[in-house]
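The values are calculated or read from the model by the stated rules, or taken from the named source; none is laboratory data. The shown structure was predicted, so the numbers you read here are calculated from the model rather than taken from an experiment. Glycine gets a Cβ as well: all are built from the backbone with ideal geometry, and neighbour counts include every protein chain shown.
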Amino acid sequence: MRSIIYIVLTTVAAGLTMQSCVKKNERSLRGEARDLFLKSSGITKAYLDSMAYATDSSTLLSLCERYDDTITRLNYEYKAGADYEMSEGENDTLTNLTFRFISLRDSLLQRYANPAKIDPDSTTRDSIKITSPHG
């Protein structure tokens, strides 16, 4: 009888211990998720600002490659699953920043590929009439 009580108490104690470890791990991941969010949003904002100064498509594309490498390296610095612990608001903010990054990149590439074409001023050509002196 004592062994059955001992087994039950040991099982309950082990269960409580494991449960507290799981909660501690979740809190630890939440802290990492917040840190990951702050660093990711900071990097994305910095690269968004830098994109405004890109003068041609090669500069822009190399900037985009560096952004991709930087974000990838940052994500590998944190435990697996840390990004899943971000709050809904943090996730939405990162999603919106990423969409802004993609939209700006695409619009700049479009502008570099098809520069604005301005028709020449046709007023001088239309208003001058050349007539021969003999009528």
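Within region 26-40, is there a residue that is more than 24 Å from Leu109 (Cβ to Cβ) and modelled with pLDDT under 65?
Yes.
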| query | So Gly135 clears everything in (1) surrounded by fewer than 14 Cβ atoms within 10 Å (Cβ to Cβ); (2) at pLDDT below 90; (3) at negative phi except one condition, right? Which one? | reply | (3)
| remark: Residue hits (region 56-98; aromatic (Phe, Trp, Tyr) and surrounded by fewer than 11 Cβ atoms within 10 Å (Cβ to Cβ)) are Tyr76, Tyr84
